Number of protein chains: 2
Amino acid sequence: MNEISTRIRNKKLQAKVISAEEAVSFIQPGMNIGTSGFTPSGYPKVIPLALAQKIQQEKFKVNLWTGASVGKELDGVLAEVDGIAKRLPYQTNNAIRQAINNGQIQYTDLHLSHVAQMSRCGFLGGKVDIAIVEACAITEEGHIVPTTSVGNAASFVQSADKVIIELNVVQPLELEGMHDIFTPNEPPHRQPLLLTNVADRIGVPYIPCQVDKIAGIVISSIPDDVRPLAAVDDDAKAMTGHLIDFLQGEVKAGRLPANLLPLQSGVGSVANAVITGLVHSDFSGLTVYTEVIQDGMLDLIDAGKLLFASGTALTPSPAGLKRFYETIARYKSKIVLRPQEISNSPEIARRLGVIAMNTAIEFDIYGHVNSTHVMGSKIMNGIGGSGDFARNGYLTFFFSSSVAKGGAISCVVPMCAHIDHTEHDVDVFITEQGVADIRGLSPKERARKIINNCAHPDYRVQLLDYLKRAEEATGFAHTPHLLSEALSWHERFVRTGTMQVS
Amino acid sequence: MNEISTRIRNKKLQAKVISAEEAVSFIQPGMNIGTSGFTPSGYPKVIPLALAQKIQQEKFKVNLWTGASVGKELDGVLAEVDGIAKRLPYQTNNAIRQAINNGQIQYTDLHLSHVAQMSRCGFLGGKVDIAIVEACAITEEGHIVPTTSVGNAASFVQSADKVIIELNVVQPLELEGMHDIFTPNEPPHRQPLLLTNVADRIGVPYIPCQVDKIAGIVISSIPDDVRPLAAVDDDAKAMTGHLIDFLQGEVKAGRLPANLLPLQSGVGSVANAVITGLVHSDFSGLTVYTEVIQDGMLDLIDAGKLLFASGTALTPSPAGLKRFYETIARYKSKIVLRPQEISNSPEIARRLGVIAMNTAIEFDIYGHVNSTHVMGSKIMNGIGGSGDFARNGYLTFFFSSSVAKGGAISCVVPMCAHIDHTEHDVDVFITEQGVADIRGLSPKERARKIINNCAHPDYRVQLLDYLKRAEEATGFAHTPHLLSEALSWHERFVRTGTMQVS
């Protein structure tokens, strides 16, 4: 049996192998294209590259729905040819970000757990017209074995009239069996998600698909465009230390079990540093229930400290991915990839009691968090899954350095210029300066703790001064604000390049 | 058998009947007092009245934890004697509100589904010291049969060292059997909540309590201080009409079943008007999964249009309560009262697919909602359960009149001065002006729809002008804002008494 027949196990489907150019002939202007992919993992590559060429010649746009951010061969090339009308639900690509912030692309920034249901139920402007899914194999029945991510692929396949599969022969066949695919019924026919342990399986190891829906199969050999992690800097080290101390205190106080509760951690270098930090801690018997499995979790498995990790995407650094591919058998029994509707499910996050750890762009003295916007107007990436976990976690942390841009920006401000998580959703803030445990506190109590424990010393006096004057001006109201000054720190930065008063 | 022995079915406990004055002798300064009560229903009355007298003499404070707001015999009298140090998780009483907004009381405004777990796990500053629970009966085993609400009573009883029961003989014994009490285990031992239909029962009809924990029983005959509903005004009528049209459109489009999905509705006159409006619609076979059961739901039952209502409190108007008491048998098989951890559970709201309908103080052109603060600093009531339902509902509505204070305040503003629900959490806004369905839209698309469909005509030009200038100033950024003007409408109101430009 050759490579292709090993991977396409249905004879009829073997005859459906087509070129990327043929595949994109199915795509019409204005269509809703739903793809696999979550972070630069498991997204289609050769078809979007061909689509970009077609768009460059024929000048049209499509709507692009994915799991989250995807690699440059999808988001990057389509943005560069101005081929996207609407993009959802998350992005991290420079070209897309620029096009969103100049009005070229309309972007809908959604909770990642919400997208599958909204897309199936026709809440996002029609349904998916064509689903494009990266696969490492197709079963005899036409079912699709995903690769390094699941995202919304199962729901997009279910809704779409046509499915195009990008069969990626550089994604190892050993990935088969790592997925657990379950798509809930819509209300009023929905049943409980019977998952009570991070390692539980409630579905099947493939994306169910009728053979007849598959319009074509395109062979790909482009690897995931995973990115190297930034070096762990001093701030990340300090935050990790604070976190570990805090968690130890919670265990001691009887508010957490000795092996903690399932860990969720956002994507990126700080998040990875925090997880890596646990390798050198005394914690063991850990579990992970998160979106994205990064290098730190592989380190924890290697160190014998992580029993099991559940996610929707496997996105290590290039070195981490190499390590994973080389010793896949070692990791396979300890990792499962699920649809993001399940990995980010409020129902499960709350039941398991996840420890939610996400990063903020800024937070304010009363505990509101900005995860998405720079100076109020420009989007950075999006809310991602942070809201799914922060709202429902047993214990919710937000991390940030206390300052950015060499001290010109205070990440602790009087009022966030955009709010993605409210005062009702956060338990603990951690910066390199320290920890503010705001559980059970009133806004004015929170403010003093956040300023004194988390703000940079260069901004503390200024923040305390704002608080004091706001208290006096409002007669010690519940959440004292000076409306004319609340956003003045951001204004000052835009005007002068620093939040510091000269 | 006399009244008392019918209601106190354990002989040993019959000897524990004490006076309210004796009961409050257990209460020490600084204690965390957890009470029953959710809205002015089912809260203790004679014990807090006695506590207020003791506090007036001895000058001390306690922390008061309840289900939500409670009646004047608890919140009002304790605030008036300055007896509350910390109050959580919700309030609507004038005296409390004033004390919160002058710094006298520290108030922690929490999602109502979060409180029980946070209190059991010691996240709110210690645990409940004494639970005070209104009951209509105590079983042979010492279990407590609640009255017109459940709230957090079951969790407070579970955590507390001591329980004091206020046996209210004017609460009809026929309430027995209307409750379904279930308290989940803490993670990692939590199991799925196996409730798939609004009428399902997963618990027991009483609050489990060990006989030995009961420190005393005080007899009460003070009725719930329920309040009359305001007359349904023209705005509420118009909003109800818009809602019914919109729901009919969704059914026609195949996005909702003909009998809709379980309805959740906030508390108050607008919410009640909306529910009452359904009585005169063509919808039937309806169900309710909400916090508070108000008059409108009794009307729907009477009209044969409501199959079943699940809530955590039964709070009709005085006339509605009289009707309920008089014909309790008619309603009893169609109503269940649950702990608020279950009535407001994200897991269940999402599974059932509730239609979430809540009122806003204001919302902004990009879809953020302020549910709690007046002009940014002063708290009105609190977030209540709106976040539990809005985030997790199948379809999420927020209602508001387009203007307040005779037109001096626009309830649609450039930027909310406080944010409780973010742009990621709302599907549809309704004012008396019309409907803005913002599902799947980008912020700039939302802005035009919200301004044109929902803002008052007197403010539309001003809002469109803000949007246009913000777009130009930011180069059509994702969420265009003019930082120096974003809160200027609120500033202007504080300064001049109106948001209108003179």
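Of the residues A:ASP212, A:ASP245, only one is at pLDDT 95 or above, surrounded by fewer than 15 Cβ atoms within 10 Å (Cβ to Cβ) and not assigned by the TED database to the domain that holds A:ASN272; which?
A:ASP212
Taking only pairs six or more apart or across chains, which ones have beta-carbon atoms under 8 Å, a first residue in the stretch A:422-433 that is facing chain B (nearest Cβ under 7 Å), and a second residue that is among the charged types (D, E, K, R) and surrounded by 24 or more Cβ atoms within 10 Å (Cβ to Cβ)?
Qualifying pairs under 8 Å: A:THR422/B:ASP420; A:HIS424/B:ASP109; A:HIS424/B:ASP420.
Return the pairs, sorted by first residue and then second, in which the second residue is of a type in the set (Asp, Glu), the first residue lies in the stretch B:438-467 and is within 14 Å of chain A (Cβ to nearest Cβ), the beta carbons are less than 6 Å apart, and the residues are 6+ apart or on different chains.
Filtered contacts from the stretch B:438-467: B:ARG439/B:ASP427.
How about the stretch A:248-287: which of its residues are assigned to a helix (DSSP H, G or I) and either hydrophobic (A, V, I, L, M, F, W, C) or within 14 Å of another protein chain (Cβ to nearest Cβ) (or both)? I'd like the intermediate steps shown before the answer.
Let us first name the residues in the stretch A:248-287 that are assigned to a helix (DSSP H, G or I), namely A:248-252, A:269-279.
Matches in the stretch A:248-287: A:GLY249, A:GLU250, A:VAL251, A:LYS252, A:VAL270, A:ALA271, A:ALA273, A:VAL274, A:ILE275, A:LEU278, A:VAL279.
Which condition number in (1) within 13 Å of chain B (Cβ to nearest Cβ); (2) in contact with a His (Cβ under 9 Å, 6 or more places away or on another chain); (3) among the β-branched types (Val, Ile, Thr) is the one that A:VAL145 fails?
Exception for A:VAL145: condition (1).
Tell me, yes or no, whether the stretch A:123-144 has at least one residue that is part of a loop (DSSP other than H, G, I, E, B), more than 30 Å from A:ALA15 (Cβ to Cβ) and in the same structural domain as A:PRO208 (by the TED database).
Yes, that holds for at least one residue.
Condition check ((1) surrounded by fewer than 22 Cβ atoms within 10 Å (Cβ to Cβ); (2) touching a Cys at 6+ places or on another chain (Cβ under 6 Å); (3) more than 9 Å from every other protein chain (Cβ to nearest Cβ)) across all residues:
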site	(1), (2), (3)
B:THR327	yes, no, yes
B:SER343	no, no, yes
B:PRO346	no, no, no
B:ARG351	no, no, no
B:HIS368	no, yes, no
B:THR372	no, no, no
B:GLY387	no, no, no
B:ALA408	yes, no, yes
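Please list, ordered by first then second residue, the pairs with beta carbon atoms under 6 Å, 6 or more apart or interchain, first in the stretch A:472-499 and of a type in the set (D, E, K, R), second in a loop (DSSP other than H, G, I, E, B) and buried (at least 22 other Cβ atoms within 10 Å of the Cβ).
From the stretch A:472-499, the pairs are A:GLU491/B:LEU483; A:ARG492/A:MET499.
Within the stretch B:323-371, count every residue that is assigned to a loop (DSSP other than H, G, I, E, B) and in contact with a Gly (Cβ under 6 Å, 6 or more places away or on another chain). Reasoning before the result, please.
Initial filter on the stretch B:323-371 (assigned to a loop (DSSP other than H, G, I, E, B)): B:327, B:333-334, B:338, B:344-345, B:353-354, B:360-361, B:365-368, B:371.
Next cut, in contact with a Gly (Cβ under 6 Å, 6 or more places away or on another chain) only: B:344, B:354.
Counting residues in the stretch B:323-371 that are assigned to a loop (DSSP other than H, G, I, E, B) and in contact with a Gly (Cβ under 6 Å, 6 or more places away or on another chain) gives 2.
Listed residues B:SER310, B:SER281, B:SER269; which is closer than 22 Å to B:PHE389 by Cβ and buried (at least 24 other Cβ atoms within 10 Å of the Cβ)?
B:SER310
Among the residues of the stretch B:168-209, what is the count of those that are crowded, with 19+ Cβ neighbours inside 10 Å, aliphatic (A, V, I, L, M) and either part of a loop (DSSP other than H, G, I, E, B) or touching an Asp or Glu at 6+ places or on another chain (Cβ under 8 Å) (or both)?
4
Residues in the stretch B:55-67: is at least one within 23 Å of B:ILE138 (Cα to Cα) and of a type in the set (A, V, I, L, M)?
Within the stretch B:55-67, none of the residues are within 23 Å of B:ILE138 (Cα to Cα) and of a type in the set (A, V, I, L, M).
Quick one: which helices (runs of 4 or more DSSP H) sit completely within the stretch A:1-76 and have at least 2 residues that are surrounded by fewer than 23 Cβ atoms within 10 Å (Cβ to Cβ), free of Cβ contacts under 8 Å to residues at least 24 places away in the same chain and in the same structural domain as A:ILE342 (by the TED database)?
On the way: elements: A:3-7, A:11-14, A:20-24, A:46-58.
Result: empty, no element qualifies.
Which members of the stretch A:468-502 meet the condition of being outside any loop (DSSP other than H, G, I, E, B) and either away from chain B (no Cβ under 14 Å) or under 30 Å from the mean Cα position of the chain (by Cα) (or both)?
Correct list: A:TRP489, A:HIS490, A:GLU491, A:PHE493, A:VAL494.
Can you pull out every residue in the stretch A:468-502 that is buried (at least 21 other Cβ atoms within 10 Å of the Cβ) and out of contact with any Phe, Trp or Tyr (no Cβ under 8 Å at 6 or more places or on another chain)?
Passing the criteria: A:ALA470, A:THR474, A:ALA477, A:PRO480, A:HIS481, A:LEU483, A:ALA486, A:LEU487, A:TRP489, A:HIS490, A:PHE493.
Tell me, which residue of the stretch A:118-132 that is of a type in the set (Gly, Ala, Ser) and within 21 Å of the chain's Cα centre (by Cα) is surrounded by the fewest Cβ atoms within 10 Å (Cβ to Cβ)?
A:SER119
Could you pull out the residue among A:ILE419, A:ILE430 that is closer than 22 Å to B:VAL369 by Cα and buried (at least 24 other Cβ atoms within 10 Å of the Cβ)?
Result of the check over A:ILE419, A:ILE430: A:ILE419.
Within the stretch B:97-124, how many residues turn out to be out of contact with any strand residue (DSSP E or B) (no Cβ under 6 Å at 6 or more places or on another chain) and among the β-branched types (Val, Ile, Thr)?
Counting residues in the stretch B:97-124 that are out of contact with any strand residue (DSSP E or B) (no Cβ under 6 Å at 6 or more places or on another chain) and among the β-branched types (Val, Ile, Thr) gives 1.
Residue-by-condition table, conditions (1) surrounded by fewer than 24 Cβ atoms within 10 Å (Cβ to Cβ); (2) within 18 Å of B:GLY266 (Cα to Cα); (3) touching a Ser or Thr at 6+ places or on another chain (Cβ under 7 Å); (4) more than 10 Å from chain A (Cβ to nearest Cβ):
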site: B:ILE379; (1), (2), (3), (4): yes, yes, yes, no
site: B:GLY384; (1), (2), (3), (4): no, yes, no, yes
site: B:ASN392; (1), (2), (3), (4): no, yes, no, no
site: B:MET415; (1), (2), (3), (4): no, no, no, no
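So, in the stretch B:90-110, exactly how many residues are more than 9 Å from chain A (Cβ to nearest Cβ), assigned to a helix (DSSP H, G or I) and either among the hydrophobic types (A, V, I, L, M, F, W, C) or within 13 Å of B:ALA68 (Cβ to Cβ) (or both)?
Residues meeting the conditions: 3.
When you go through (1) within 13 Å of chain B (Cβ to nearest Cβ); (2) not in a strand (DSSP E or B) one by one for A:GLY241, which number turns out not to apply?
(1)
The values are calculated or read from the model by the stated rules, or taken from the named source; none is laboratory data. As the structure is a prediction and not an experimental result, all values here were calculated from the model. As a convention, Cβ positions derive from the backbone with ideal geometry for all residues, glycine included, and neighbour counts pool all protein chains shown.
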